[in-house]
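Engineer: One structure is given below, represented as structure tokens, and several questions about it will come after.
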Amino acid sequence: MLTSITRFKHLPIWMKLGLIALLILLPLGGLLYGFLAAKQADIAFAEKELRGVEYLAPLKSLLENLQQHRDFVAAILGGNPDQKDRLLSTQAAIDTHVRTIEAIDQRLGKTLDTSTRLRALVQRWRDVQLKSLDLRFAESFEQHGQMIADVIALMQHIGDRSNLILDPYLDSYYLMDTVVNKLPTTIEYLGRLRGLGSNIVARRTRTLEERVQLRLFSAQVKSSLEAVQRGFQVLYKEHPAMERKLTTAFSRALEGNDTFLTLIDERVAQAETITLTLPEYFVAGTETVGRFLSLHDEALAGLRGLLETRVSGLVASRNTQLIVALLLALLAISAALGTYRLLTRQIHAIVALFGPIREGRYEVRTEVFSEDELGTMAASLNTMLDVMQDQRLSLLRSKEEHDAMQVAIT
């Protein structure tokens with residue numbers, strides 16, 4: 001320790017100042033690095049959520065078309081072969097969605113750990129596509145239900161792996177819960193109602209078990225919607241702008257749901273004779289499901305907007321803090337260099353004065369550059385030289401007077 005202090009004493013001023021500045025800047029740099037690392041971690045977290053949102057969008061479209069495929073198969077198995085063209089068109093749309101999802105999985109599958117699940121889902125679709133018309137209605141309905149459950153499970157898996165489930169803000173968390181968990185489940189309950197009802201309406205008859213199933217699916221829809229409403233209440237409280245964005249779509253979905261459930265109860269489940277036509281029923285069900293799909297689109301867009309705004313804010317905050325830190329560092333370096341130049345300038349001016357003093361030239365003076373200790377030293381040195389010069393002049397005058405008196409005496 002004493003050796004270090006001794007060495008420090010012998011360092012030139014510029015090295016002393018540089019060492020002091022370094023000792024100050026190192027811990028500040030460590031704090032800055034920690035802050036920037038935390039900001040970058042927050043940015044990466046939100047960006048991963050955005051990748052999950054990107055993956056969810058085409059899965060919703062796949063869910064929609066798989067439900068329609070189930071409905072058309074149900075109608076055909078119920079004795080309505082006119083739906084075959086629509087079935088083939090839906091199969092082509094599903095294949096298009098699968099290719100889109102596979103392209104996204106090429107980019108995001110490793111990050112979100114979705115590739116294995118997606119391959120299993122695609123293989124299940126190929127099996128259903130080939131065999132669905134050769135099965136009994138109950139078997140086909142069950143296989144379609146399992147496949148759609150796999151789609152919803154994949155959406156929930158993406159929510160887990162993309163950090164969406166861990167979102168730390170109430171508004172975006174409840175939006176996530178809506179688009180990942182609650183709305184897909186609600187849409188599937190409605191899809192089951194539409195699919196089962198399509199088969200019943202096509203046959204124009206129902207069993208007691210089917211009536212129970214209709215009531216069960218209706219109760220599931222109502223229960224699921226209550227959960228959606230509770231989530232939206234929290235969302236609206238935390239983010240009032242979202243209420244203005246989602247209220248219209250949500251109200252339309254609720255109205256369509258009430259109308260569709262009433263239609264099922266009065267003209268399918270409770271009716272003595274089913275007079276409702278398949279096109280009427282399918283249009284009513286599709287309109288209702290479509291409203292919930294539109295609500296899902298609005299909620300997903302809202303979630304994407306919140307996450308993009310958050311990422312932009314975090315990036316701006318990080319960049320601002322970095323710029324401020326760099327400016328402060330430049331200011332500190334400039335101040336250190338300025339102080340060094342001022343110190344050394346004054347010291348050099350004082351040192352330069354000693355040469356003439358050794359030669360007896362007391363009339364020289366040093367320039368004073370500051371009012372600090374060195375400046376005071378320089379001013380004191382000038383004052384001392386003033387006194388010494390006056391004393392020297394006084395001695396010279398006394399000598400001259402003495403010499404004059406000696407001449408007068410002799």
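The values are calculated or read from the model by the stated rules, or taken from the named source; none is laboratory data. In this text the structure is predicted, and so the values were computed from the model without any measurement. Every residue, glycine among them, receives a Cβ derived from its backbone with ideal geometry; neighbour counts consider all protein chains shown.
Engineer: Can you give me the number of residues within segment 205-223 that are of a type in the set (Val, Ile, Thr), part of a helix (DSSP H, G or I) and touching a residue at least 24 places away in the same chain (Cβ under 8 Å)?
Structural biologist: Residues meeting the conditions: 1.
Engineer: When you check ALA138 against the structure, is it without any contact (Cβ under 8 Å) to a residue 12 or more places away in the chain, surrounded by fewer than 18 Cβ atoms within 10 Å (Cβ to Cβ) and either within 25 Å of ALA74 (Cα to Cα) or of a type in the set (Lys, Arg) (or both), yes or no?
Structural biologist: Taking the combined requirement at face value, the residue satisfies it.
Engineer: Here's another thing I want to ask about it. Within segment 91-131, work out how many residues are in contact with an Asp or Glu (Cβ under 9 Å, 6 or more places away or on another chain) and hydroxyl-bearing (Ser, Thr, Tyr).
Structural biologist: 2
Engineer: If you go through segment 203-255, how many residues are touching a Phe, Trp or Tyr at 6+ places or on another chain (Cβ under 8 Å), closer than 24 Å to GLY285 by Cβ and not β-branched (Val, Ile, Thr)?
Structural biologist: 7
Engineer: Which of the residues that make up segment 217-254 are surrounded by 14 or more Cβ atoms within 10 Å (Cβ to Cβ) and among the aliphatic types (A, V, I, L, M)?
Structural biologist: Passing the criteria: VAL221, LEU225, ALA227, VAL228, VAL234, LEU235, MET242, LEU246, ALA249, ALA253, LEU254.
Engineer: A further question follows. Output yes when any residue across segment 231-253 is in contact (Cβ under 8 Å) with a residue 24 or more places away in the chain and under 23 Å from ARG70 (Cα atoms), and no when none is.
Structural biologist: Scanning segment 231-253 turns up at least one residue that is in contact (Cβ under 8 Å) with a residue 24 or more places away in the chain and under 23 Å from ARG70 (Cα atoms).
Engineer: If you don't mind, there's one more thing I want to ask. Please specify each residue of segment 307-317 satisfying the condition of being of a type outside the set (Val, Ile, Thr), closer than 13 Å to LYS39 by Cβ and surrounded by 18 or more Cβ atoms within 10 Å (Cβ to Cβ).
Structural biologist: ARG310, LEU314
Engineer: Report the residue count in segment 71-81 for those that are over 18 Å from ALA284 (Cβ atoms) and either outside any helix (DSSP H, G or I) or free of Cβ contacts under 8 Å to residues at least 40 places away in the same chain (or both).
Structural biologist: 2
Engineer: Also, quick follow-up: Give me a count of the residues in segment 356-410 that are charged (D, E, K, R), over 25 Å from THR339 (Cα atoms) and in a helix (DSSP H, G or I). Even if it seems obvious, please write down each step before you answer.
Structural biologist: Within segment 356-410, the subset charged (D, E, K, R) is 358-359, 361, 363, 365, 367, 371-373, 386, 390, 392, 397, 399-401, 403.
Now drop any that are not over 25 Å from THR339 (Cα atoms), which leaves 358-359, 361, 363, 386, 390, 392, 397, 399-401, 403.
So of that shortlist, the ones also in a helix (DSSP H, G or I) come out as 358, 386, 390, 392, 397, 399-401, 403.
Counting residues in segment 356-410 that are charged (D, E, K, R), over 25 Å from THR339 (Cα atoms) and in a helix (DSSP H, G or I) gives 9.
Engineer: Going by what's in this entry, would GLU188 be described as surrounded by fewer than 17 Cβ atoms within 10 Å (Cβ to Cβ) and either in a loop (DSSP other than H, G, I, E, B) or not hydrophobic (A, V, I, L, M, F, W, C) (or both)?
Structural biologist: So GLU188 fails the test.
Engineer: Among the residues of segment 106-119, what is the count of those that are in contact (Cβ under 8 Å) with a residue 40 or more places away in the chain and either over 15 Å from GLN156 (Cα atoms) or part of a helix (DSSP H, G or I) (or both)? Working first, answer last.
Structural biologist: Here is the first cut: in segment 106-119, the ones in contact (Cβ under 8 Å) with a residue 40 or more places away in the chain are 108, 111-114, 117.
Applying the additional criterion that residues be either over 15 Å from GLN156 (Cα atoms) or part of a helix (DSSP H, G or I) (or both) yields 108, 111-112, 117.
Total satisfying the criteria: 4.
Engineer: Look through ARG304, ARG267 and report the one residue that is in a helix (DSSP H, G or I) and either crowded, with 20+ Cβ neighbours inside 10 Å or under 23 Å from the mean Cα position of the chain (by Cα) (or both). Step through it out loud before you land on a result.
Structural biologist: Details: ARG267 fails: either crowded, with 20+ Cβ neighbours inside 10 Å or under 23 Å from the mean Cα position of the chain (by Cα) (or both).
So the residue among ARG304, ARG267 that is in a helix (DSSP H, G or I) and either crowded, with 20+ Cβ neighbours inside 10 Å or under 23 Å from the mean Cα position of the chain (by Cα) (or both) is ARG304.
Engineer: Would you point out the residue of segment 357-396, among those that are small (Gly, Ala, Ser) and over 60 Å from the mean Cα position of the chain (by Cα), that is surrounded by the fewest Cβ atoms within 10 Å (Cβ to Cβ)? Talk me through it step by step, then tell me what you get.
Structural biologist: Going residue by residue through segment 357-396, those that are small (Gly, Ala, Ser) are 360, 370, 375, 378-380, 394.
Filter once more, so that each one left must be over 60 Å from the mean Cα position of the chain (by Cα): 360, 378-380, 394.
Values: GLY360: 8, ALA378: 21, ALA379: 14, SER380: 11, SER394: 10.
Filtering segment 357-396 for residues that are small (Gly, Ala, Ser) and over 60 Å from the mean Cα position of the chain (by Cα), the one surrounded by the fewest Cβ atoms within 10 Å (Cβ to Cβ) comes out as GLY360.
Engineer: Kindly list, by first and then second residue, each pair from a residue in segment 333-356 that is surrounded by 14 or more Cβ atoms within 10 Å (Cβ to Cβ) to a residue that is of a type in the set (Ser, Thr, Tyr), limited to pairs with Cβ atoms under 8 Å and residues at least 6 apart or on different chains.
Structural biologist: LEU342/SER370; GLN346/SER370; ALA349/THR366; ILE350/THR366; LEU353/THR366
Engineer: Could you tell me whether segment 280-293 includes any residue that is modelled with pLDDT of 95 or more, under 27 Å from ARG203 (Cβ atoms), surrounded by 13 or more Cβ atoms within 10 Å (Cβ to Cβ) and among the aromatic types (Phe, Trp, Tyr)?
Structural biologist: Scanning segment 280-293 turns up at least one residue that is modelled with pLDDT of 95 or more, under 27 Å from ARG203 (Cβ atoms), surrounded by 13 or more Cβ atoms within 10 Å (Cβ to Cβ) and among the aromatic types (Phe, Trp, Tyr).
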